[in-house]
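See below for the structure under consideration.
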Amino acid sequence: MLDASFTSVYDKFKLQFYRKVFELVRERDGSLSAMEAFSLEVINMLGKPTVGQFAEFLNISQSNATYKVNNLIRKGYLERENSRTDRREYHLILSEKFFRYAGLLSNYEHIVMERIKERFPQEDVEKFDQMLAIISAELMPECEK
């Protein structure tokens, strides 16, 4: 029962996310492809990764990652920031253009969270928050940065 309930919620979040991605992805010069949108999401979740860290996380070649990153920089969604410790290395920084785009995607999460707060008692919401924090911190080590 828990498996089915979790899968149902997770699938609904994914479907809403995919719907929004495809609404935002347009077939015109300078627009994002779906793969680029997913790449931006990964970079955002990794938190200022290097190109090497981005490539390693996705298990793709450094040259493939560099190609993707350069396209995203050219389209204005990413910027480079030199590393403070090694000037040959740089970190990927999301641009303001990305955050305008990301705001459209995260809106549904906020809506659902507000519905949870309205529907359930405060102590249940707090317990759910604690459970989610434990799941994220302890039960999903494959997704650590």
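The values are calculated or read from the model by the stated rules, or taken from the named source; none is laboratory data. Remember, it's a predicted structure, so these values are computed and weren't measured experimentally. Note: ideal-geometry Cβ built from the backbone for every residue, glycine included; neighbour counts use all protein chains shown. Heavy atoms of the whole protein, side chains included, go into the accessibility calculation; ligands, DNA and RNA do not. Shrake-Rupley method; radii C 1.70, N 1.55, O 1.52, S 1.80 Å.
Per-residue accessible area (protein heavy atoms, 1.4 Å probe) orders Met131, Met1 as Met1, Met131, starting from the largest. Partners of Lys117 within straight-line reach, counting aspartates and glutamates whose Cα lies under 15 Å from its Cα and excluding those fewer than 8 residues away in the same chain: Glu109, Glu126, Asp129. Of all aspartates and glutamates in the structure, the ones whose alpha carbon falls short of 12 Å from that of Lys68, not counting any fewer than 8 places away in one chain, are Glu36. Take the chain, connect every pair of alpha-carbon atoms lying under 10 Å apart with a spring to form a Gaussian network, then pick out the residue of Phe120, Phe98, Phe57 with the largest mean-square fluctuation. Residue with maximal mean-square fluctuation among Phe120, Phe98, Phe57: Phe120.
Surface composition of region 35-141: carbon plus sulfur atoms contribute 53% of the solvent-accessible area (1.4 Å probe, protein chains only, all chains present).
Tell me the per residue accessible area of the chain using a 1.4 Å probe; a whole number in Å² is fine.
Numbers: 10710 Å² over 145 residues.
Value returned for the chain: 74 Å² of accessible area per residue.
Measuring between their Cα centroids, region 30-47 and region 83-132 lie 15 Å from each other. Toward the positive end of the charge dipole of the chain, with +1 on the Cβ of Lys and Arg and -1 on the Cβ of Asp and Glu, the farthest Cα among Phe57, Ala102, Pro121 is that of Ala102.
Net charge dipole, region 1-98: roughly 240 debye, given to the nearest 20, about the Cα centre with Cβ charges of +1 for Lys and Arg and -1 for Asp and Glu.
Rounded to the nearest 20 debye, what is the charge dipole size of region 67-145 about its Cα centre when +1 sits on each Lys and Arg Cβ and -1 on each Asp and Glu Cβ?
Values: 14 positive and 15 negative charges, 152 e Å.
Approximately 740 debye in magnitude.
Shown here: region 1-87, whose C-alpha atoms stretch 52, 33, 21 Å along the first, second and third principal axes, sorted largest to smallest.
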